[in-house]
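This report concerns only the one structure given below.
Coordinate-derived values only; no laboratory data. Note that the structure is a prediction, hence the values are computed from the model and not measured. With ideal geometry, Cβ positions are generated from the backbone for all residues, glycine too; neighbour counts draw on all protein chains shown.
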Amino acid sequence: MAQILRLPPRIKILEALGAVADGRIKILDEYRAQVVSSEGDRTYDVYVDLSRKIVDSNDNGTVFRGYIGYPIISVLMIKRVLPYNEKLAEGLKGIRWRELNERYKSYALVEKLIKEQLARKGFSIEEIDRFVDEVMKSLEKIRLYREKIV
């Protein structure tokens, strides 16, 4: 039975954008993709069937926490279902997300650090928040369900 997925923590939008910028997404066919982790040591399998609003991924956020994980979000960005900001994506290239998440153990703190890093690169906090809000609103409208496929 399909389970409705919750909205992700806000930082996962930026993490997904970074994955796209790094070229870590490989589209396999109409429904399947693979996303390589920021450390390069894990590959997540992603399934997206928007006609049925069914998705699946073997990342921890999707499997264990019940939210739309960054691998799914990044695939939806590639497919142009979700907004994509190329300029902001460039600013997120090369970030080792898992290392940051494990070191600080707080998505809020990692988000603050990433925003500070982006601000030093010339991005405004308002611009970053506006983009994240736009993606979150789009995800809310789609309302995705997880069905165990991958």
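Data overview
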| quantity | calculated |
| --- | --- |
| Search result, residues across the stretch 77-102 that are of a type outside the set (D, E, K, R) and assigned to a helix (DSSP H, G or I) | M77, I78, L88, A89, G91, W97, L100, N101 |
| Count - residues of the stretch 53-71 that are touching a Lys or Arg at 6+ places or on another chain (Cβ under 7 Å) and in a strand (DSSP E or B) | 3 |
| Verdict on Y145 being surrounded by fewer than 20 Cβ atoms within 10 Å (Cβ to Cβ), among the aromatic types (F, W, Y) and farther than 28 Å from I27 by Cβ | no |
| Matching option when the condition is touching a residue at least 12 places away in the same chain (Cβ under 8 Å), β-branched (V, I, T) and out of contact with any strand residue (DSSP E or B) (no Cβ under 6 Å at 6 or more places or on another chain), among I142, I149, I78, I125 | I142 |
| Search result, residues across the stretch 8-52 that are surrounded by fewer than 17 Cβ atoms within 10 Å (Cβ to Cβ), among the basic types (K, R) and outside any loop (DSSP other than H, G, I, E, B) | K26 |
| Sole residue being among the charged types (D, E, K, R), touching a helix residue (DSSP H, G or I) at 6+ places or on another chain (Cβ under 7 Å) and closer than 28 Å to F123 by Cβ, chosen from D59, D22 | D59 |
